[in-house]
Every structure is written in C-alpha cells, then in structure tokens.
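So the structure is just underneath, and the comments pick up after that.
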Protein chains: 2
Amino acid sequence: MDETTSFFESAPLLKDADNITSKLTQFIDQNSSSLSGSSGPRRVVCVTSGGTTVPLEQRCVRYIDNFSSGHRGATSTEYFLKSGYSVIFLNRRGTCQPYCRSLPDDPLLECFELTNDSCIQVQESHSEAVKTAIREHHAAVSGGLLLKLPFTTIFEYLQILRLIATSMKILGANGMFYLAAAVSDFYVPWDSMAVHKIQSASGPLDMRLAQVPKMLSVLRKEWAPTAFCVSFKLETDKEILLEKADKALKRYKMHAVVANELSTRKELVILVTDTAKVSVYRENHNSDVESPLIKLLVDKHSTFIKNT
Amino acid sequence: MDETTSFFESAPLLKDADNITSKLTQFIDQNSSSLSGSSGPRRVVCVTSGGTTVPLEQRCVRYIDNFSSGHRGATSTEYFLKSGYSVIFLNRRGTCQPYCRSLPDDPLLECFELTNDSCIQVQESHSEAVKTAIREHHAAVSGGLLLKLPFTTIFEYLQILRLIATSMKILGANGMFYLAAAVSDFYVPWDSMAVHKIQSASGPLDMRLAQVPKMLSVLRKEWAPTAFCVSFKLETDKEILLEKADKALKRYKMHAVVANELSTRKELVILVTDTAKVSVYRENHNSDVESPLIKLLVDKHSTFIKNT
C-alpha cells in the first residue's frame, strides 16, 4: 500500500472536492432512499470513461494521453439507464457523452442553421438525432438518474473515483463499478516533475516514467469491498489479450473482466469470469455490442446480489 | 535538410491528401481570382491552432500531447476575417472553433431544451451566443472566406502545412502564416516506434524522444519564401521568454514573433520584430488581446507587401 499512499500524498489537491462530495451525497441519498420502494432496490453503477492524462510538467504544457473516444462508456451508460440502473458517469472532459453518439463532431456548427427570420433551426437530416440527444439526456439528469463528473488528469481521476467509492459503500452489493476508462500505466510523480516547460535546445529528451500503483486492488479491497466490480483490458495484440485479462481477474479479484482488442472493439468483446470466457458479439452492423454485454452483466450482478 | 527529409519519409502517409489538396486549390483559386477585383488584392492567412500529438505506439493507444485550447487561433481567425482576410484554419480536432468562444463546453446539451410539443429550443440565456456562432460561422464558410482543415498528430500537421504552403505560393506577398499551434518539440520516429501497446509489467518506462526538425526554417526558405511569416513562442518562465523569442526571430528569419507567457497570455503578448519589442495589451476585461494584435500585424503585412 506504500506506493498508493505516496501517489495520493504527492498528487496535486483535487479542486472542487467539496462540491463533488456534496453532489455525490445527494445523488446516493436520492437513489438509496428508493431502496425500500415498492419497485425493489435501485442499483447504482459507476461508469468510468475516456483516457486519463499524465502531466510531464507542473505548469502543464505537455502531457501523455491515453487514447479513448469515450464511446464505450457513453454507450454503456445508455444501456445501464435502460436497464433501470442509476449511473455515475466519471468521464474525461470532451469525450463522447451519453445519447450523443450519432451526432457529428461539432453538432452546433454542423446540425443547425439560421432561417431567414434569424431563428435557429435544426437541419432535417439531423433532427431526430438532436431531439433524442437533448430529450434523453435532460430526462436522465433532471430525473436524478445520471450524475456526470468530469476529469482530465490521472490525479483527478483516481481522487474522484475514491470519493465515489466512499459514497457508494452504503449501497453494498447494489453498487457496481464498470471501469471502462483508459487509465495511464505510467506517470511522472508530481514532486519529481519539471516546474517549467521542458526546453528543447539540448538534444533528445530522456524520460523515466514510474508505474501507476495498481488501484484496482485498492478499489476492491479498501474502497469498495462489497460492490460488484468489472474492469477492462484493451490490447492491440490479440495473442496476449486473454492471458492478460485472466491475470487481471485473479490479481485484482475482479468479478468480471471485459477483454477487447483495439481494432475489433465495436463488434466483439470477451467477458472473462472465474467460470467462463464468453464471446459477446453485436447483433448486426446497426446495433451495439454494449447491448448484450450490459444484459449479461446485469444478470451476473443479480446473481451476485442474491448470493451476498 | 536531412533531418527534415527523414521526418517526412518515415511519417505515416497522410490520409485524404487528395481531398485536402483539391479543397485548397479551390479555395486559393477563388480567393486569388479576386486579386484583380476592384476591391484590391485579397489577402489569405493560414492560421494554425491547437496542439499536435506525438504517438508513442504505431497502433496508437498512448501519445504525448501539447496543451492548447485553440482559443488564440480561433479568436485570431475572427479578427482576420473582420479585417478582410480569407483564412485557412489548420486546427486540432476538437479544439475551440471561431465564433464559439462564448459558448459552454458542450453547447448541444447545455444550451438547448425541448419544449412541451417536442420542439428544440435554445435557452434564453444562450440565445444570442448560439445565433451569432451559427450565423457568422456559416457566412464565413459558405462565403468561401474560411476553410477549416483538422489535424491530430504532428505528422498530419506538418504534411498539411506543407500542402497549404505549396498552394499559397501563387499569392506571393499577399499570403501570411500565423503559426499559433503548439507544435511538439519531441517525437518518436515512426520506424523506431513500438508497434503494439507498451506493456507495463516490467518496471519503470524509459523513453528517448528525438527532436522534431525545426520546420520554421524549412517553411520560410522552401515552402513559403515569399509569404509574411509570424510564429509564436510560449513559455511558462518569463525570464527566458524574450530571449527565446528573439532567437527564434533570427534563427528562422520570421517577420514577427508573438511572445506570450502561459499565465498571462490572454491579457498581454509582446510582438517581437527586427526593430522593436511592442507590448500589446487587451483594452479591458471584456475585450481580446487579439484585436490590437491583429491590427498591428495587418499594418506590418501592408508595409511588407508595399516593400516587396
């Protein structure tokens, strides 16, 4: 645990921590008070999404980033909401948001136009997608079913994740963690980081990056010992993918690991558990692999709750 | 020039190069045919904006990124258009776009709502900002005055910049380069790059990054020898800022260098030329430092054209 302690102790203080905590408390209160409601217990899942950054300089000009569009996390959030879960969406700033997948990159400039009498009008071809995005998003947020918390750096990500786990403890087995974010494996410890922009005059740049402590262990053991935990393993080399997923399952005592390969990740994932490796395919080109995946996980979560 | 040649030879091929070239040819054709028009010669500026990324793996999961919101480039584009220039806006995907500065991060989800009869409606508080963004943006693009070309990696950025410079040659002194993008100083040469995701099991990661060849020299000497060239120098340490700006001016034979410090860059820039260092301040809290800066540069560009 020493590595973990020193990671958090040397990390820059999370701005806005009080505000985040009070949002979380309110969200969990609302959702746990419906625990005894007639509709049965409400389940809450924390979906993490997008890549974390690792600053290379304290006054950050350069950083290492992990590729992730946030598509997986945003899509999964939609299916969890559809399955009756409430969702805490811990997402990288600027990545894909729930219900916005079928929109162009820059919806405001690409979907709208001004009419002759200077009114804003959505273009016919985007009309349904835009309406759906606005309607579903507002319904989820204002209904208290979706709480969105943004992060950028790995320091923010892990500190907020810890706050979420602490707030969710009260939910016991009804809580789930669905850790789809692409978390950096390497970082520059804050206190050994250059204060100013690294100068380029003096030849090649040699860098030594430390390993980020394996927080999945800490999450399972300390932060969220009673929740159902699902992590992700993404590789570009499919030869080593299943072996690494299996290792992660055992090492971090996850309840399930979703294994996916970069080039086929939208068509196929493999759900690795103690008892089986299940290939999950999307039904067709117009459907999402997240639809059968979330169904399967909801079932496993139900069994987990029953057995607790 | 050897470094430059090997950079381009080892770079991954630019996708979509033909399409970009044909867009550029059409844009320059339109704008140079109005050269002999009664309104006097039309000037074209290439504004570069946002940071470039450097992939660390060929199947890119991790990359080094340079911080830049793209605010400077987007704002400057607006003032150049206002001054009668046509603008080629070479911008990092997802960064700030012209006329969108006063909008929230996620305009679609934050500015709009559905009415009871399921129509899309912009919220009163954002109404003017949204209308202005859509109106001005469409007017510039459909009027053939603004061409937007996106990039992500340093390989894309430099290859597209070269295409732009080649197309703009015909404009002679009427062309300007305003290089506000935050370009990586270091990179991993494509052929020495890991093909697969770097594994984290084996302790700390040591990396050696090569210097990106100084393309400003190549731009001035070979790609755009007759254009007016302005580069930027951003530092976090103000002690070394002016010295470095001065060095860049002389070394790369720029016509002007805009020096700015990270923490005060929205209030103050210093325009460094052969003859003077001029501090340029914004007028007040509600105005942009780019307004006086572009005025000054347009004047210098006029003098440059006269003297050519």
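The values are calculated or read from the model by the stated rules, or taken from the named source; none is laboratory data. Quantities reported herein were computed from a predicted structural model and do not represent experimental measurements. A quick note on method: Cβ atoms are made from the backbone with ideal geometry, for glycine too, and the neighbour counts reach across all protein chains shown. Accessible surface is based on the protein model in full, side chains and every heavy atom, while ligands, DNA and RNA are left aside. Shrake-Rupley method; radii C 1.70, N 1.55, O 1.52, S 1.80 Å.
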What does the structure give for A:172-185 when I average, per residue, the other chain Cβ atoms found within 10 Å of the residue Cβ? 1
With loop defined by DSSP as not H, G, I, E or B, and exposure as at most 15 other Cβ atoms within 10 Å, which is the longest segment of chain A clear of exposed GluC sites (Glu not before Pro)? A:1-266
Top of B:Ser217, B:Ser49, B:Ser76 by mean-square fluctuation, Gaussian network on chain B, Cα under 10 Å: B:Ser217
Whole-number D in µm²/s for segment A:197-285 (Stokes-Einstein; Kirkwood sum over Cα pairs; 37 °C, 0.692 mPa s): 213
With each run of n ≥ 4 DSSP H residues scored as -39500 (n - 2.57), what mean residue ellipticity at 222 nm is computed for the protein assembly as shown after dividing by its residue count and rounding to the nearest 500 deg cm²/dmol? -11000 deg cm²/dmol
Just want to confirm a number: the relative contact order over chain A, from Cα pairs under 8 angstrom separated by 6+ residues, in percent. 19
With the charge dipole of segment A:183-308 built from beta-carbon charges (+1 for Lys and Arg, -1 for Asp and Glu) about the Cα centre, the Cα from A:Val195, A:Phe304, A:Val280 projecting farthest to the positive end belongs to A:Phe304
Under 18 Å by backbone N from the virtual spin label 7 Å along Cα-to-Cβ at A:His285, the residues of segment A:90-122 are A:102
Using the crude model of +1 on Lys and Arg Cβ and -1 on Asp and Glu Cβ, and no other charge, please compute the dipole size for segment A:82-212 relative to its Cα centre, in debye to 20. 660
Please list, or write none, the aspartates and glutamates whose alpha carbon is within less than 13 Å of the alpha carbon of B:Lys277, excluding same-chain residues fewer than 8 places away. B:Glu243, B:Asp246
For chain B, what is the charge dipole size about the Cα centre, in debye to the nearest 20, if Lys and Arg each add +1 at the Cβ and Asp and Glu each add -1 at the Cβ? 1020
Can you return the aspartates and glutamates within cross-link range of B:Lys148? Criterion is Cα-Cα under 19 Å, with same-chain partners fewer than 8 residues away left out. A:Asp105, A:Asp106, A:Glu110, A:Glu113, B:Asp16, B:Asp18, B:Asp29, B:Glu78, B:Glu136, B:Glu156
Hey, what did segment B:142-250 get for relative contact order, percent, Cα under 8 Å, at least 6 apart? 36
Calculated label separations, B:Thr132, copies of the chain, 7 Å along the beta-carbon direction, nm: 3.4
Once the label point is placed 7 Å from Cα along Cβ, list for A:Lys250 the distances to the corresponding points in the other copies, in nm, shortest first. 6.4
Derived scalar couplings ³J(HN,Hα) [segment A:156-162; Karplus, 6.51 cos²θ - 1.76 cosθ + 1.60; whole Hz; x for Gly, Pro]: 5, 3, 6, 5, 5, 4, 5
Average accessible surface area per residue within segment B:90-177, 1.4 Å rolling probe, Å²: 41
Could you tell me whether the protein assembly as shown comes out rounded, prolate or oblate from its Cα gyration tensor? Rule is a ≥ b ≥ c as square roots of the eigenvalues, rounded for a/c under 1.5, then prolate if a/b exceeds b/c, otherwise oblate. prolate
Set B:Lys238/B:Lys266; B:Lys214/B:Lys300; A:Lys221/B:Lys197; A:Lys214/B:Lys197 screened for pairs whose C-alpha atoms are more than 21 Å apart: B:Lys214/B:Lys300; A:Lys221/B:Lys197
Between the alpha-carbon centers of segment A:233-308 and segment B:177-239, tell me the distance in whole angstrom. 38
With one decimal in nm and the nearest listed first, the spacings from A:Gln199 to its own position in the other copies, using label points 7 Å along Cα-to-Cβ, are 3.9
At R0 = 25 Å, how high is the FRET efficiency between A:Arg208 and A:Asp18 if r is their beta carbon distance? Nearest 0.05 is fine. 0.10
Is the shape of segment B:153-308 best called rounded, prolate or oblate, per the rule: a/c under 1.5 gives rounded, else a/b larger than b/c gives prolate, else oblate, with a ≥ b ≥ c the square roots of the Cα gyration tensor eigenvalues? oblate
If we restrict to alpha carbons, what Rg and Dmax does segment B:1-157 come to, in Å? 18.9, 65
Does chain A come out rounded, prolate or oblate, given a ≥ b ≥ c as the square roots of the eigenvalues of its C-alpha gyration tensor, rounded meaning a/c under 1.5 and, failing that, prolate meaning a/b above b/c? rounded
Straight-line reach from B:Lys250: which aspartates and glutamates fall under 14 Å, measuring Cα to Cα and dropping same-chain residues less than 8 apart? B:Asp274
